[in-house]
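The values are calculated or read from the model by the stated rules, or taken from the named source; none is laboratory data. Nothing here was measured: the structure is a model prediction, and the numbers come from that model. With ideal geometry, Cβ positions are generated from the backbone for all residues, glycine too; neighbour counts draw on all protein chains shown. Only protein heavy atoms, including side chains, enter the accessible area calculation; ligands, DNA and RNA are left aside. Shrake-Rupley method; radii C 1.70, N 1.55, O 1.52, S 1.80 Å.
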Amino acid sequence: MPDNNINAANENEKTRSLQEHTTDADGQFITTNHGVRINDDQNSLKAGERGPSLLEDFILREKITHFDHERIPERVVHARGSAAHGVFKLHTDMSKYTKAGFLTDTNRETPVFVRFSTVAGSRGSTDLARDVRGFAVKFYTEEGNFDLVGNNMPVFFIQDAMKFPDLVHAVKPEPHNEIPQAASAHDTFWDFISNAPESAHMIMWVMSDRAIPRSLRMMEGFGVHTFRFVNEQNKSCFVKFHWKPLLGVHAVAWDEAQNLSGKDSDFHRRDLWEAIENGDFPQWEFGVQIVPEEDEHKYEFDLLDPTKLIPEELVPVQRIGTMTLNRNPDNFFAETEQVAFHVGHVVPGIDFSNDPLMQGRLFSYTDTQLIRLGGPNFHEIPINRPIAPVHNNQRDGFMRQTINRGKTAHSPNGMSGGCPFQAGKMQGGFTSFPERISASKVRERSESFFDHFSQAKLFYNSQSDAERNHLTDALCFELGKVETLSIRERMLYFLAQIDGGLAAAVAFSIGMHVPKGLQTPLNQVVPADADQNRYNSVVKEGSLQKSAALSMANGPKDSIATRKIAILAADGVDETSLNAVKNALVAAGAGVDVIAPRMGFINGEKNTTVPVSKSLMTVASVFYDAVYVPGGMNSVATLEADADAVHFLNEAFKHCKAIAVDTAAMQVLKATYFGRKLPEDNELNTVLMEGVIIDAGAAVADKFIKAIAQHRFWDREKARKVPA
Ligand code: HDD
């Protein structure tokens, strides 16, 4: 087959393998699982119309039995998730570093399946929890599946997999009463953290707005660990993987997140689904940071320590390809729920490092699939099947689907001519990088892992003022919910190692003082490896003080593509302005909803009808990125008197969103908390009214579009006076 056909064929291969297992009931008769047509699926078999049901009713028994067994255990972590199919297209050949085909052949398109998730909550929990987001990508490459099982944060809480069950037990709902769901704001989590100074850097990330993304489409992704690339000459280098979203990295406000959790706990899932249905395919650039093998010990941190990142100022991220998510799953359970990722799914050209967190993960993922998916044949579930052919002597087990022909299931064999053959290096067989190791067997952690606070400081110092305020507020919220005083105290001591001002601000909010030393000797409650000395690690001289890449404020802000804009209107609206602004927003790539007190249609002041997308009863400003109020005397009079409409604007203002108001709709603005102050309050006008655009008719559109592209006007929070 010519080369270009191979790519198309492979891309189709995955779709075909899924389609072979897809059924569509259109125009079909209902049958039992064994293919017998059913003539009545609504009534059980009874002895007489009013008599008892009969045991012989195999149709009833099959239906109920299958139903009784519908649930499988949810993932022990990352239970709540949403996924999509897509394609990865390489644009920069990486053969200098790796022999992985999907990273060397720029003509290939590699099918992918990506699952995003929260970590702590159960399967039905809210999308908007303050949490890390999982970002797991399965590449169906021609040489087998490569899973990049990462997160939207580049570091992790702990350095050794040995501590993972403790971390997870601590963050999950407390065992006695199973409270709280999908939240880290409780005693056990902070008890663990306060005793694990290695988590300092990750805590900065989790308390930052990265933990409350605006959209799954607007998150970065990271492979977290240092991996190895291995090229054809068997030369290796270290590599960190990155995903950079083309839509930029954006977050919601914490108050908004909490509000959304009640109003639409599927907010992220819906957003991803709808974007793909609308053809607004989310895209990420795939990036790599390459570190030559000889530079392994060049940095102040250890490349094997998963609580550290490599600042982009030290090693730039090279963008090498683009991932596009272009198809929603057909069936949530079959695909999103049954997909099984594993850090150990690598292909020739990619290898592991000795990061002790990664090493533990190499065991955990297959083990968890065995219990979650019920046996060793989960690789046969359509979503997990590679497009590369599978041949080996593994056999049988629960739910085996492959029908292996022939007499042999052993190797070496003569009976089958030695098949399946081992693939030598020239035939693409996987060979582990022959890293030289000479060491004693110890349960120890390397000294090079002991600096816990330098990068926590780096992160904190790299944030914009607004981001730092949000991070501080998040800690005040979380520790404010902690009931045990000694935990709060330890946390204040912990925070003081990162930034004195941060610790003082949190201490003030939770009504305590930052302790000078630790009141509770840690070695009484935790093993020696968390002793007080480890809290006192010093930022090394000459360290990088700031890294621009760590702040979301530095991201691109030049597009309103796929943003959701609300237009508030009622009967009598000035439809000319409404349509002009709406058309301009749509032309710039945004989605627009006309929202009115009731659904159906409203009449414009020129007597044309305007279709209504949603009623004020069913939506809220938290579903939108910005809001516009056109003129029209009757519409304005109605909205001014409508508490929901006024609340909509107040809330949008509180959450620092762009707001546009026609000069003919000033009455509505005046009915709001912030608009009431307009005429006399100049101090508010400058900072706080940034992002509030007042103009006549279509003239609003240009300024409004520029404002929406800014995402948020966080400076408004300085006043902290806005109720909503
Ligand atoms: Fe994990 C799931 C990411 C550390 C054990 N993990 C899971 C998922 C993601 C991550 C994205 C969900 C995959 C999906 O969508 O199905 N995990 C991470 C990252 C880590 C990490 C980025 C640190 C860098 N994980 C980690 C450790 C262990 C595990 C240290 C155990 C030693 N993770 C699991 C698991 C899960 C899992 C128990 C639960 C469900 C699953 O694997 O399939 O095996």
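Please verify whether PHE333 is open to solvent by 20 Å² or more (accessible area, probe 1.4 Å), within 15 Å of the ligand (Cβ to nearest atom) and either hydrophobic (A, V, I, L, M, F, W, C) or on the phi > 0 side of the Ramachandran plot (or both), treating the condition exactly as stated.
Working: open to solvent by 20 Å² or more (accessible area, probe 1.4 Å): yes; within 15 Å of the ligand (Cβ to nearest atom): yes; either hydrophobic (A, V, I, L, M, F, W, C) or on the phi > 0 side of the Ramachandran plot (or both): yes.
Yes.
Beta carbons closer than 9 Å, at least 6 apart along the sequence or on distinct chains, pair a first residue in the stretch 617-645 that is touching a residue at least 60 places away in the same chain (Cβ under 8 Å) and among the aromatic types (Phe, Trp, Tyr) with a second that is in a loop (DSSP other than H, G, I, E, B) and open to solvent by less than 50 Å² (accessible area, probe 1.4 Å) for PHE623/ASP264; TYR624/ARG563; TYR624/LYS657. Any residue in the stretch 352-373 that is among the hydroxyl-bearing types (Ser, Thr, Tyr), more than 9 Å from the ligand (Cβ to nearest atom) and buried (at least 16 other Cβ atoms within 10 Å of the Cβ)? For the stretch 352-373, residues among the hydroxyl-bearing types (Ser, Thr, Tyr), more than 9 Å from the ligand (Cβ to nearest atom) and buried (at least 16 other Cβ atoms within 10 Å of the Cβ): present.
Scanning the stretch 21-39 for residues that are in a loop (DSSP other than H, G, I, E, B) and open to solvent by 100 Å² or more (accessible area, probe 1.4 Å) gives THR23, ASP24, ASP26, GLN28, PHE29, ASN33, HIS34, ASN39. Note on the stretch 104-133: among residues that are under 18 Å from GLY144 (Cα atoms) and part of a loop (DSSP other than H, G, I, E, B), the one that is most open to solvent (accessible area, probe 1.4 Å) is ASN107.
Might you check whether a residue that is open to solvent by less than 40 Å² (accessible area, probe 1.4 Å), within 30 Å of LYS582 (Cβ to Cβ), charged (D, E, K, R) and at pLDDT 95 or above occurs anywhere in the stretch 546-563? Steps first, answer last, please.
Of the stretch 546-563, the ones open to solvent by less than 40 Å² (accessible area, probe 1.4 Å) are 547, 549-552, 555, 560-563.
Those still in the list that are within 30 Å of LYS582 (Cβ to Cβ) too: 552, 555, 560-563.
Narrowing the set further to residues that are charged (D, E, K, R) leaves 563.
Going one step further and asking which of them are at pLDDT 95 or above, we end up with 563.
For the stretch 546-563, residues open to solvent by less than 40 Å² (accessible area, probe 1.4 Å), within 30 Å of LYS582 (Cβ to Cβ), charged (D, E, K, R) and at pLDDT 95 or above: present.
Any residue in the stretch 377-389 that is open to solvent by less than 60 Å² (accessible area, probe 1.4 Å) and touching a Pro at 6+ places or on another chain (Cβ under 6 Å)? Within the stretch 377-389 (the criterion being open to solvent by less than 60 Å² (accessible area, probe 1.4 Å) and touching a Pro at 6+ places or on another chain (Cβ under 6 Å)), the answer is no, since none of the residues qualifies. Only residues that are open to solvent by less than 10 Å² (accessible area, probe 1.4 Å) and either in contact with a His (Cβ under 8 Å, 6 or more places away or on another chain) or more than 23 Å from ALA553 (Cα to Cα) (or both) were counted in the stretch 238-250, giving 3. In the stretch 367-384, the residues that are over 11 Å from ALA340 (Cβ atoms) form Cβ pairs under 8 Å with partners that are within 11 Å of the ligand (Cβ to nearest atom) and of a type outside the set (D, E, K, R), at six or more places apart or across chains, as follows: ILE371/PRO73; PRO376/LEU370. Filtering the stretch 289-313 to residues that are loosely packed, with under 15 Cβ neighbours inside 10 Å and under 18 Å from SER454 (Cβ atoms) leaves HIS297, LYS298, GLU313. Here MET426 meets each of (1) under 30 Å from HIS78 (Cα atoms); (2) free of Cβ contacts under 8 Å to residues at least 60 places away in the same chain; (3) in a helix (DSSP H, G or I) with one exception, condition (1). Applying the selection to the stretch 590-632, what residues are at positive phi and open to solvent by 30 Å² or more (accessible area, probe 1.4 Å)? Passing the criteria: GLY600, ASN607.
Yes or no, residue by residue, for (1) at pLDDT below 95; (2) within 16 Å of the ligand (Cβ to nearest atom); (3) part of a helix (DSSP H, G or I); (4) open to solvent by 20 Å² or more (accessible area, probe 1.4 Å):
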| position | (1), (2), (3), (4) |
| --- | --- |
| ASN5 | yes, no, yes, yes |
| ASP41 | no, no, no, yes |
| ALA79 | no, yes, no, no |
| ALA84 | no, yes, no, no |
| THR92 | no, no, no, yes |
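Restricting attention to the stretch 276-296, the residues that are in a helix (DSSP H, G or I) and in contact with a Ser or Thr (Cβ under 6 Å, 6 or more places away or on another chain) total 1.
Among SER438, SER432, SER446, SER416, which is the only one that is more than 27 Å from ASP160 (Cβ to Cβ), away from the ligand (no atom under 15 Å from the Cβ) and among the polar types (S, T, N, Q)?
On the way: SER438 fails: more than 27 Å from ASP160 (Cβ to Cβ); SER432 fails: more than 27 Å from ASP160 (Cβ to Cβ); SER446 fails: more than 27 Å from ASP160 (Cβ to Cβ).
Being more than 27 Å from ASP160 (Cβ to Cβ), away from the ligand (no atom under 15 Å from the Cβ) and among the polar types (S, T, N, Q) holds for just one of SER438, SER432, SER446, SER416, which is SER416.
Just one of (1) crowded, with 21+ Cβ neighbours inside 10 Å; (2) in contact (Cβ under 8 Å) with a residue 12 or more places away in the chain fails for SER486. It is (1).
Any chance you could count how many residues in the stretch 397-409 are open to solvent by 60 Å² or more (accessible area, probe 1.4 Å) and under 36 Å from the mean Cα position of the chain (by Cα)?
Looking only at that region, the number is 5.
In the stretch 314-330, of all residues being outside any loop (DSSP other than H, G, I, E, B) and open to solvent by 10 Å² or more (accessible area, probe 1.4 Å), the one that is nearest to PHE102 (Cα to Cα) corresponds to THR322. Taking the numbered list (1) among the charged types (D, E, K, R); (2) open to solvent by 50 Å² or more (accessible area, probe 1.4 Å); (3) modelled with pLDDT of 95 or more in turn, ASP57 passes all entries but (2). Within the stretch 159-181, residues that are of a type outside the set (S, T, N, Q) and assigned to a loop (DSSP other than H, G, I, E, B) reach partners that are within 12 Å of the ligand (Cβ to nearest atom) and open to solvent by 30 Å² or more (accessible area, probe 1.4 Å) with beta carbons closer than 6 Å, at six or more positions or on different chains, in the pairs ASP160/PRO356.
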